[in-house]
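What follows is a single structure, written as structure tokens, with notes after it.
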Amino acid sequence: MNVLEKYLPAPAVRPLTALLEIHQVHLKIVNERQTRHGDYRPLPDGSHKITINANLNAYRFLITLVHEIAHLVAFKKYGYQIKPHGLEWKKTFQQLMLPFLRPEVFPNNLLPVLDRHFKNPKASSDTDAAMSVALKSYDAPTDKIYIFELEYGSYFITSQGRRFRRGKKLRKRFECVEVDTGRTYIFQPNVQVQLWKKI
């Protein structure tokens, strides 16, 4: 419980500690991984391991931890044949998050965004642009910006070091051309990148 106090909003610490104990979860807080915020794995001895990135703000940490616990609970209840982010997981995630969706835990400006998100939760909170942007406002300041904030024609660098020029906006996403290959890629609006140079 003492460890979680550093990473979670205070009112969420006790109920989440209880969930981890009930389900015999080994929680490991790890260095940032570019591809995921968290991860769940069943262990051979019948216990469970969840890893969460240490660099997440308290609200994203909470959502990620409950997301991973929902995998565990859904698999236990419905069996390991279900889709990892299918209807059973969505329902479980909604039920587990419900006690936390209140002003004692989340700021008032986040609650309407979370309410919309949890009507049909996505496999990753990053694919919900509105929620991703709302949660980012609670991150420590960085030199990263979103694709949608870039001017048309601006150059940027991705987290993998690849260089692109921002092109036209499609319906929701952005067409971008890789500088070194000339290939066109489609980016979600809430992908965070580093500005390389303006036009």
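Just so you know, all these numbers are worked out from the coordinates, no wet-lab data involved. Being a predicted model, the structure only gives us computed values, none of them experimental. Cβ atoms come from the backbone with ideal geometry, glycine included; neighbour counts cover every protein chain shown.
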(request) Run through the DSSP bridge list for the chain and note the antiparallel percent, rounded to the nearest 5. (result) 80
(request) Tell me what the chain gives for mean residue ellipticity at 222 nm when only DSSP H runs of n ≥ 4 count, each as -39,500 (n - 2.57), the sum divided by the residue total, rounded to 500 deg cm²/dmol. (result) -9500 deg cm²/dmol
(message) Greater than 21 Å separation of Cα atoms is the criterion. Which listed pairs, 122/168; 168/197; 122/172, meet it?
(response) 122/168
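Which of the helices in the chain, when you take each full DSSP H run, stretch at least 24 Å along the axis at their Cα atoms and have an average Kyte-Doolittle score of 0.5 or higher? Show your work: numbers first, answer last.
Values: long enough: 58-78 (29 Å, 0.68).
In the chain, the long hydrophobic H runs are 58-78.
Taking the Cα centre as origin and putting +1 on Lys and Arg beta-carbons and -1 on Asp and Glu beta-carbons, what dipole magnitude results for the chain, to the nearest 20 debye? Provide the component values of the computation, followed by the final result.
Values: 31 positive and 18 negative charges, 141 e Å.
Charge dipole of the chain: 680 debye, to the nearest 20.
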(request) Please work out which option in (1) 12.7; (2) 14.5; (3) 11.1 gives mean projected area of the Cα convex hull in nm² calculated from these coordinates, and answer with its label. (result) (1)
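Quick check on packing: order 74-81, 163-170 by the mean number of other C-beta atoms within 10 Å, highest mean leading. Show your work: numbers first, answer last.
On the way: 74-81: 13.5, 163-170: 16.1.
Highest-to-lowest ranking by the protection proxy: 163-170, 74-81.
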